[in-house]
Each structure stands twice: as C-alpha cells, then as structure tokens.
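For reference, the structure is listed below as structure tokens.
Read-outs: derived from the displayed coordinates by stated rules, not from any lab. What you see is a predicted model, and the numbers here were worked out from it, not measured in a lab. Quick reminder, even Gly has a Cβ in these numbers, built from the backbone with ideal geometry, and neighbours come from all protein chains shown.
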Amino acid sequence: MNLNDDERAMRDGRDGPAVAKAMDLLCRYGEALGAERLVDVRNVAGTLGAATPFMRDFALKHGGMDAVFSEFNLDSDEVVEVPPFKVYTTHLQQGLDPERPKEFNVPEEIIRIYRKGERYAAERGMQMVNTCTPYLVGNVPVKGEHLAWMESSAVIYANGAIGARTNTEGRESAGAAALTGKIPYWGLHRPENRLGTHDVRLEVTVDTTADWGMLGYWVGEIVQEQVPVIDGLGPVPNLARLKHFGAAAASSGGVEMYHLVGVTPEAPTRETAFGANTPGETLHFGQAERRATWEKLNTTARDPKVDYVMLGCPHYSIEQIWEASRLLAGRKVHPDTELWIFTPRAIKALADQNGYTKIIEDAGGKLMSDTCSAMSRGAPEGTRVAAFDSAKQVHYLPAILGIQGWFGTTAQCIDAAVNGRFTAGPEI
Amino acid sequence: MSVTATTTFDPESYETEAIVLNGRRVVGGLAEGEAMVTNDHISGWGGVDPRTGSVIETRHELRGQSFAGKVLLFPGAKGSSGWSNTFHLTRVMGTAPAAMLFVEMTTKVALGAVVTRAPAITDFDRDPFEVIRTGDWVHVDADRAVVQVYRRRRRESGA
C-alpha cells in the first residue's frame, strides 16, 4: 500500500491513537484486497450497535463503549479513546425499536444500553438516523462521490441508482473510515469495475414495486456479484421501485452495481454501460421468468391464514407510508393478524405530523422505526405465517425465524392484514 | 506468530509427501490443522453462529458443522455486510477457523479475514478444490503464501 504524507502521519500517530489504529486497519485491509492506495471519502454509513447481552458484557469487562468501538469498529487489541469522527457518518439500522420494548421483548436494561450507545455515537458526530435507507433521510450522495457504506441494499442504491462509488464495507472498515476519511481504492471505486457484464432485456412490463422486486430477485440469482445492464424498460421507476429492485438483487445474489439503459446515471446508452466489456448471451425476462420468480419467492408459503404482515424492507419512504395509509383508511386489521410497518425515525415523525400514523394505528397496525424483523429477529408472538411486499424480507425472514412467508404487492399485503388470509396468486 | 493446531497430527493417517500450492498472502501467520472444504459460498450474518463456529444456513452443505480450529477452504463470501463482524465474533468467542483459504476476492472476505486474524491465502497457482479434501492435514504459511497438503490415506475399499 502506498500512503501519502497525510496518511502516513495518521498511521504514525499524529492524530492520536484511535486514528493510528484506524489507519493500521485500513492498511491491513487494503493489502488483503490487493489495493495499491486509499481514496478520500467524506461520507460513511456504518454501525456501532451494542445493545445485546454479549456486547453489554463485553463493555462491562473491557472498558465501556470505547472498548466496544476499539474491538469491533477498529479491530484494535488496545482500548483507545475514540475522538469525534472526521467525516459525515450516518448510523444504519439497529436491533430494536427503543419505543417498542414490549413488541421486541427486550428488558429495560437493554433499552438503557441502547440509549447510552446512541449518545456515545451522537457525541462523536454520528447521525442517528438508524436506517438501512440513509438516502431517504439526508444522506443522498452525488454521482462520482466516493463513499464507505455498509448495508447491501444501500450500497446497490448508491452505486446503481445514484452513480456514487462504494464497495460493501463492514463494521470495522466503516469505523476506520469515519475516523480517517479514507477507504481502499479497489473494486467499485475504480471506473473499469463499474461497467456492465450481463445483457438483460425486459419482455414484460415491469411497473409496480413488486414487479421491480421480482426483477431484482431474478437477475441477482443469475449474475451473482456482476453488473447487469437492463434494457427495454417501460415506465421509469421511482425511488421506491429502485429501492426494492436493488435490495432483492443484493439478496438473491451479491449485486452491488447495475445499469438501467436510459435511466441510471452511468448508462445513457447501452454502449456506455458496457464500455470495453463484451457481454455474453442476452438474458430475457419474460412472463415465464416472472412467474418462476414469484414461485421461488413463495417457496415457503402454504397456509393462507396470515399471522403477521410486515412492510418496510428496506425502510418505507413517506410515499409508501402514505400509500399504505390510503389502502388502510377506514378498515380494520383482522383480530388474529398483526401489521407492522418499518421506517426511519425522521420519516415516522413526518408520518405522525401528516396523520398517517393515526390512520395506521386506528386500523390496528403499528408504525415502527430503527429496525426490522430480520435485524431484530422480532415478530409478533406465535407467528407461523407472514406476508411481505419485499423480496428481500421474504428471502431472509422465513429462514431466520423458521416461518412461512408470502410475497405480494403492497395492496395484497394490506388485504391479507385486513382479511387475515393471503389469497393472491402469481398474476400480480 | 505461534502455530495453532487443535487436532494432533498423526503421521500414520497421512501421505508423507506434501502437495504444495503457492498463492498470495491475505493475512500473514502460520497455522496447521485438518481441512474443512466446501464448494458453497459462506454467508456471515445469518449464515454462521459465532458461538459455535457452525454454519447455520438452510441448504448449505456444511450446515450444522463447526469450522473452529479447521483450515477452511471455501470459494468466497456472500450475503450481508455483517460478514466481517460475524467472523470477528468467532475470534473473540474462540471459534474461528485456524486458517482461511479462498478463491474469490471481495471486500467482505478480505475484511473478514483481516479481523479474524487467521492466516489467509488466495490467488493460488492451481485450483485448491482439486487438491484439498476434507480431512487432509494442511500446513499454512501465509507469510510466504505457501500451503502444504498432506492427503489423508484412504483405506482400500472393496477388495
């Protein structure tokens, strides 16, 4: 790794021991990757979450939150005092909603630790937006901006939809980036790795959010970690659609970058999207592929009686909450079914103000923040069958909790919450 | 760096000649132990239980088996950005692999190997999946990026 003078000074302790440890980790990480240098970043999305019994015991034994940060965010054997962060850093989703201890079945002590961890992070300049969708609440990168972001659904959104540049970072590299403003120049930071590898043509209209989720799930499974270029688009997708598309492609595969010809910033034309790359055989997404994807997403579903409807993976935008509240207005959630909707805290405040929270609560649903069922492993007690409008959540949650999971549109999920039964078929 | 081995080496069970692979160092150090080989990518968060070092992913060929103290050969990492943190926890909880050998480089696996601090090698001069089988004895010198494989002697079947 070639370090410049500033980076060398950080490594040698000019800015204190925590920054030196951060630079040491970035050097070890860069060498592991085979990177030759670091790149400046002014935008980090990471996590400090420590509200678990294991982390509580670790903090008690080794010296509080500085000890947790030293070990789990800097990979440092030595406990170092953690100074304010050098660059803009947002906190990703956490393991619980502190306003809902009962729903998440956590004792008061864990809520206290959660609040303490939040204060610790906020005092160092971390923005406690507590969401997998930082781009919904004040962290919207610019095309070409280098980032150090964790969270697969946020990484693919930043690269694909926005044209910013980030690899999928981890807790430790994001911690080190927050203290130094540096990350290895490797992978998607390099323009040549952002070019398309797979040629995809749409042969059905991909329009609804559920359609985009299915397309993402299908393409991710095929291309795995590579870069699909999708052509033949119908209506231009909005933010919610790209959010669901990316989250799905990053779940069935490990897609971190994509191009939509004529829509996304690095694909004004098909030729630009591929650059020097020559794609192989064209992949076609038609009626048969769509149907097969629906079947795959509904693999675990058998029983139409639904105990739990979960919306908000990735966290719902205000537009999606508005849509859900319109679908729910004047109706009641079935007495044997629970409806939980997840969104960032700041958007929940807006939903409260706009009256959507009241509509959802009057119908018997709950609007929550900071986490989701997969992150918290939290679902209504006794859940056997759940329904989701997210391909990502139906991929993960049935496996995590050992339950059945239905996938459908938002409207079908709301209907399932009201009727207590999921009755929709593949023609969605 | 000390040599870690959790299983005792019994020379009777292995071939005396080692097969040698050369690669690129990911994380330095020396280790030896029994090989655990999987053709499936490994998921960290949601795919491994760090308390036991066991793979828990549904339909994974190592499901229910622990890699603690083994020389783990796998294609690469997949899944959540919590990969490094999960493997970090295996080190803190004492269930980490003795060494990690893999072929597909990603930020997940690079950072995961770094924080696990197990000797790790990639970019081999021949396909390690054609050489290393579960149960072989493997010596990993990651400082020199050399792997020595002592194949487990198989009992003649049939005759």
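Here are a few things to note about the model shown:
- Computed about the Cα centre, the dipole magnitude for chain A is approximately 680 debye when only Lys and Arg (+1) and Asp and Glu (-1) carry charge, each at its Cβ.
- Residue order, fewest to most surrounding Cβ atoms within 10 angstrom, among A:Glu109, A:Glu192, B:Glu15: A:Glu192, A:Glu109, B:Glu15
- Fewest-first ordering of A:Thr52, A:Thr410, A:Thr168 by other beta carbons within 10 Å of each residue's beta carbon gives A:Thr52, A:Thr410, A:Thr168.
- Bridge type composition, the protein assembly as shown - antiparallel percent by DSSP, nearest 5: 35 percent
- Other protein chain C-beta atoms within 10 Å of residue C-beta, averaged over B:114-121: 4.
- All Cα pairs of segment A:202-311, percent lying beyond 18 Å: 51 percent
- Choice from A:Ala301, A:Ala416, A:Ala249 with maximal GNM fluctuation in chain A (Cα, 10 Å cutoff): A:Ala301
- For residues of B:83-89, the mean tally of beta carbons on other chains within 10 Å: 5
- Hypothetical label at A:Lys305: residues of segment A:356-392 whose amide nitrogen lies under 16 Å (7 Å Cα-Cβ projection): A:381-387
- Order of A:Glu71, A:Glu221, A:Glu427 - criterion: other Cβ atoms within 10 Å of each residue's Cβ, fewest first: A:Glu427, A:Glu221, A:Glu71
- With respect to chain B, whose longest principal axis is taken over its alpha-carbon atoms, helix B:83-92 is tilted by about 70°.
- Cα gyration tensor category, rounded, prolate or oblate, for segment A:1-97 with a/c compared to 1.5: prolate
- Estimated inter-spin distance, A:Val236 and A:Glu99, nm [label 7 Å along Cα→Cβ]: 3.4 nm
- Ellipticity estimate at 222 nm from DSSP helix runs (n ≥ 4, -39,500 (n - 2.57)) divided over the protein assembly as shown, nearest 500: -9500 deg cm²/dmol
- Compactness of segment B:48-145 was expressed as the Cα radius of gyration divided by 2.2 N^0.38 Å, which yields 1.01.
- Percentage relative contact order, chain B, counting C-alpha pairs under 8 Å, at least six apart: 34 percent
- Protection proxy ranking of B:44-54, B:106-116, by the mean of other Cβ atoms within 10 Å over each peptide's residues and highest first, is B:106-116, B:44-54.
- Shielding by partners - mean other protein chain Cβ count within 10 Å, residues of B:34-46: 1
- Ordering A:Gly262, B:Tyr14, A:Pro84 by the projection of their Cα atoms onto the charge dipole of the protein assembly as shown, which places +1 on the Cβ of Lys and Arg and -1 on the Cβ of Asp and Glu, puts A:Pro84 at the extreme positive end.
- Residue pairs, from the table A:Lys243/A:Lys296; A:Lys305/A:Lys332; A:Lys366/B:Lys78; A:Lys86/A:Lys348; A:Lys86/A:Lys243, whose Cα atoms sit over 23 Å apart: A:Lys366/B:Lys78; A:Lys86/A:Lys348; A:Lys86/A:Lys243
- Relative protection proxy for A:284-290, A:114-120, from highest mean packing down: A:114-120, A:284-290 (other beta-carbon atoms within 10 angstrom).
- The GNM of chain A, with springs linking C-alpha atoms under 10 angstrom apart, assigns the highest mean-square fluctuation among A:Phe72, A:Phe58, A:Phe274 to A:Phe58.
- For A:Ala399, net neighbour charge (Lys/Arg +1, Asp/Glu -1) across residues whose Cβ lies under 11 Å away: 0
- Rounded FRET efficiency, nearest 0.05, which uses the C-beta distance separating A:Gln224 from A:Trp322 and R0 of 41 Å: 0.70
- Applying 0.36 nm per residue to the separation of B:Gln65 and B:Glu15 and subtracting their alpha-carbon distance, the gain on full extension is 15.5 nm.
- Each peptide in A:362-372, B:122-132 gets a packing score, the mean of other Cβ atoms within 10 Å over its residues, and the list from highest to lowest is A:362-372, B:122-132.
- Here the Gaussian network model covers chain A, with springs between Cα atoms less than 10 Å apart; of A:Gln353, A:Gln93, A:Gln320, A:Gln353 fluctuates the most.
- Beta bridge orientation in chain B: antiparallel %, DSSP, nearest 5: 60 percent
- Prolate/oblate/rounded call for chain A, Cα gyration tensor, a/c under 1.5 rounded: oblate
- Bins of 10 Å, starting at 0 and running to the largest distance - Cα pair percent for segment A:5-189: 10, 37, 35, 15, 2, 0
- Between B:Arg155 and A:Lys61, the modelled labels are 4.2 nm apart [label points 7 Å from Cα along Cα→Cβ].
- Equivalent ellipsoid semi-axes, segment A:375-426, via Cα gyration tensor eigenvalues times 5, rooted, Å: 18, 13, 9
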